[in-house]
1. Please list the three semi-axes, largest first and in whole Å, of the ellipsoid equivalent to region B:9-129, using sqrt of 5 times the eigenvalues of its alpha carbon gyration tensor.
2. Based on alpha-carbon atoms only, what is the radius of gyration of region B:132-217 relative to the globular estimate 2.2 N^0.38 Å?
3. In vacuum, with every alpha carbon of region B:492-566 counted as one equal point scatterer, what does the Debye formula give for log10 I(q)/I(0) at q = 0.12 Å⁻¹? Two decimals, please.
4. What's the long-distance tail for region B:196-295, i.e. % of Cα pairs beyond 24 Å?
5. Please compute the Kirkwood hydrodynamic radius of region B:209-258 from all pairs of different C-alpha atoms, in Å with one decimal.
6. In region B:475-523, which trypsin sites (Lys or Arg not before Pro) are in a loop and have at most 11 other Cβ atoms within 10 Å, using DSSP for the loop call?
7. Tally Lys/Arg at +1 and Asp/Glu at -1 over every other residue whose Cβ is under 12 Å from the Cβ of A:Thr109; what's the total?
8. Please compute the volume of the convex hull spanned by the alpha-carbon atoms of region B:11-67 and report it per residue in Å³.
Amino acid sequence: MKRLLFAVPVAAFIALVTVFGLGLTKDPSKLPSQLIDRPLPVFALPGIAAINPESGGFASTVFRGQPALINVFASWCSACPPEHPMLGRIKAEGVPVYGIAWKDKPADTRDWLAKLGNPYTAIAADESGRTAIDLGVTGAPESFIVDKAGRVRYKVVGAITPEIWDATLKPLIAKLRTEA
Amino acid sequence: MLAEIGQFALILALVTALAQAVLPMVGAARGDAALMAFGRTAAQLQALLIGAAFLILMACFARSDFSVALVADHSALSQPFAYKLAATWGNHEGSMVLWVLILALFGAGIAVYGDNLRPSLQARVLSVQAMIGVAFLAFSLFTSNPFARLDIVPPDGTELNPLLQDPGLVFHPPLLYLGYVGFSVAFSFAAAALIEGRVDAAWARWMRPWVLASWICLTCGIALGSFWAYYELGWGGWWFWDPVENASLMPWLLGTALLHSAIVTEKRQALSSWTILLSILAFSLSLIGTFLVRSGILTSVHAFAVDPARGVFILAMIVGATGGALTLFAIRAPAMRSGAMFGGVSREAGLTLNNLFLMAVTAVVFLGTFYPVIMEAVSTDKISVGPPYYNLVFVPLMIPLLLLVSAGPLLDWKRDTLRSVAEKLKWPAVITLALFAGLTLGLGWRNASAAFGFALAAWLVLGAGLILARRWRAGSRDPWRQVRTTPPAVIGMVLAHAGLGVTVAGVTAMSVFATSKILVMQPGETAELGTLKVTLKDIAAANGPNYSAVQAYFSVDDGGSIRALKSERRFYPISRNQTTEAGIGGGVMGNAYVAIGEPQQGPKGQGIVVRIYHHPLVGWIWFGFLMMAVGGSASLSDRRFRVGAPARRALPPLTAPGMVAAE
């Protein structure tokens, strides 16, 4: 019995190495492309009452007719405030910006937006993080560009910088607008 | 020509390490003194060879020899000279050379300072140390050759990542490596003890200074990294639970556990198999940290040199080192003498509990860090856990551990009673509870968690102070003599435990009371944040040696003194990278922190995005870490470590700093 106890570390280690080995077989650069060119996963998320009583969240079905940006954020996320002004600019340039508050208490989201301003066209709360899993979110902030047909066309991991917007996202959205 | 000499030195080092891995081990098994002595010579030779290779690589950087691929990729003519040198280890290949250099220096240290060890144990330790060296030298030469040449020599290089062109980052990696690699000594000692089938007090006493020295370096390295993230990333955060940060935190947590369990093994010959297991795991986590950063298995802001081929190599090394040592542990450890018994309430039991909590905390961080890898292995999702996970599980596990910290040192060895501990801790407990009640009333119910955090901090500092107070009062006839004769090790422990309290106070204040504001400002405009009044005075363009910058000048009025702060946004044209230099007005009670973003159209016309933060007590976080490191150094200087070591001439500090204790 005592011998078995001393063998526990080796057994745990073998399991761990197996997992690492499997992990290595996957290409890390594939990270953003899980959903690319595929329809958005189906979701219907509640709103955050105190912020936009009229909208009451949004569902994956709202992404029809024009390209839009989905931004996954949270009040606990330290990289989100620096990205915040950029979202305001994107919205000002005529692109709807949908915000998903990830694993965040609605009251915290509300206070946070009250402090920083609300750049979002609509906001939904993903308190359980279930939708974020479907979207393949690895951290906050993360953003998705969705086309007229509701398909994911691009994913940004981390904050959207002016460079990313000007060089990549803006031209992409202009192109998506011209698509049938 | 120079680069080829460097490469040749590395190859020779590999050959030396191969011999050192085999011959002393054979010698120890056969009792052949000559073969065992070879290990000592080889260890020093290996350190010299790798030292030469490292200096040559540094010379290539100093001369901006762009025919070397590594230099062309990580340096540029316009780069300041200090950063040309620092670029030697600011990249994957060069940092691996630094890794093996430190490993070899530790090996040479064991060879030079270790003549009070049993010769067979020393030979086996050096042999295991060389096995690790072989693996890393082969890794360096075969998958990440630092001296590879380019066919066409570019006129200029592509510069070191600008984020790394910073004084903090010049010292951060070497300190971390000293810590990581230092645990290799504990690992080698553990493996050698398992091979010998023998663990005793001398073994633990010999290993402990090395663990302590590594722990000090790791403590400083982590604190420096956290401080760098704070002022350089421009978000004002000090810890992000990033996988790579966790990779340095985990060996630190286990190293802390190891430090404490080795005390029990040294004083009471108990917990010996546990100490061995911790030695194996602490170094294994250092290896896994390396694997994490360099295999690209996880995405991280730190990731450099993402290459699955390297990942496979490092994974093989982990299998060899950890797998081998753990198998040895499973076979040999059950037969080892388990030492003296101790009661359920005793110093030993307290330290065991400390170890269990530290293990649990490490496991929690480990699970959080590798959750995405584990999930991806069993499904197609790629997800990670964020700060909410860590806050939820890390904090509740830390609280009982921290409560225990003040009680542990007051326990008697072997057997004690709860009543006597309670009696000793009466006053700190009363003061802590009173503080908790007072703060809860003062700060309001909503901030009860903050009140608890501050009370916990006070508990740690009071508990540490009590150790000194009790000792000094004991010699009431001549208290001054008591003060003078207090061993440095005791002072070290007091400092480290009190430092933990200082850090807890800083973390509490930052988690609950930090405030921030983000807005578009124009010159002349004033913004208020709490009691801070921040006025944007002027915006100007400026040029550095290898960058252009926008500088914003602020005057910050924190209700009394007015301070001028400057925040910069730098653009490095060669690598097309942008960095932020925050303006920080530091103080004991907190920092005012101003960072600028891109120019933007505001409500009142063209302005610039400004982020203003107030960070109460943030400096305490790093000061506490510094106290822990100083405490560790005080402990390292204790005579205890030198007892039994014959007098020896002072050697130049070729090994890790702080190793003078072994003189």
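Every read-out reported here was derived from the displayed coordinates using simple, explicitly stated rules and does not represent laboratory data. Since we're looking at a predicted model, the values are computed, not measured. All Cβ positions, even for glycine, are placed from backbone atoms using ideal geometry, and neighbour counts span all protein chains on display.
1. Details: eigenvalues 258, 29, 17 Å².
In descending order, the three semi-axes are 36, 12, 9 Å.
2. Details: Rg = 19.2 Å, N = 86, 2.2 N^0.38 = 12.0 Å.
After normalising by residue count via 2.2 N^0.38 Å, the value is 1.61.
3. Evaluating at q = 0.12 Å⁻¹ gives log10 I(q)/I(0) of -0.57.
4. Numbers: 1622 of 4950 pairs.
Cα-Cα pairs of region B:196-295 separated by over 24 Å account for 33 percent.
5. Numbers: mean 1/r = 0.0874 Å⁻¹.
Radius from the Kirkwood sum: 11.4 Å.
6. Values: sites: B:Arg477, B:Arg481, B:Arg484, B:Lys517; in loops: B:Arg477.
Filter output for region B:475-523: B:Arg477.
7. On the way: positive: A:Lys103, A:Lys105, A:Arg110, A:Lys115; negative: A:Asp104, A:Asp108, A:Asp111, A:Asp126, A:Glu127.
That works out to -1.
8. Working: hull volume 3.1 nm³, N = 57.
Looking at region B:11-67, the number lands at 54 Å³ per residue.
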